[in-house]
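Here the structure is laid out as structure tokens; the discussion comes afterwards.
The values are calculated or read from the model by the stated rules, or taken from the named source; none is laboratory data. Remember, it's a predicted structure, so these values are computed and weren't measured experimentally. A quick note on method: Cβ atoms are made from the backbone with ideal geometry, for glycine too, and the neighbour counts reach across all protein chains shown. Heavy atoms of the whole protein, side chains included, go into the accessibility calculation; ligands, DNA and RNA do not. Shrake-Rupley method; radii C 1.70, N 1.55, O 1.52, S 1.80 Å.
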Amino acid sequence: MYLTSPFATALWEPFQILDRLLAENGTGMVPGGRLPAFASSRGPTINVWSDADTLHVTAEVPGIDPDKITINVLGDTLTISGTRGEGQSASEFTRSFQLPFRVDPDRTTAQVRDGVLAVLLQRPEAEKPRRIAVATA
């Protein structure tokens, strides 16, 4: 004796189901199996880390013209935005981060190499920790 279900006659296509669910939720694949310009509306993958004097930010931006990337520092907030593509197929992104310390915007550098944006934000000299000598009495 075999058990049957109403779905037994249809060919089970797990990837079609997954694509449909992801498309309905606004993430992942779109119908036809194509990836959107960015996997999410938040934009490219970004890594942030710091050492004593520098905040390092990298973003994966393959295929984006460096002239279409904007980096702003306002107070303790870093904003990276950009546009990939042209016309109706253009995708825009904006990512903002609260910085762990104030940065010197005049000493901030950014460059794109091999599809990776690297931003270096320097801590101002006046805000660097200073060692205070302890005198004996």
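I want to confirm something. Restricting to the range 76-97 and keeping residues that are in a loop (DSSP other than H, G, I, E, B) and of a type in the set (D, E, K, R), which single residue is most open to solvent (accessible area, probe 1.4 Å)?
E86
Across the range 54-75, what is the total count of residues that are closer than 26 Å to P129 by Cβ, modelled with pLDDT of 85 or more and in a loop (DSSP other than H, G, I, E, B)?
Residues in the range 54-75 being closer than 26 Å to P129 by Cβ, modelled with pLDDT of 85 or more and in a loop (DSSP other than H, G, I, E, B): 0 in total.
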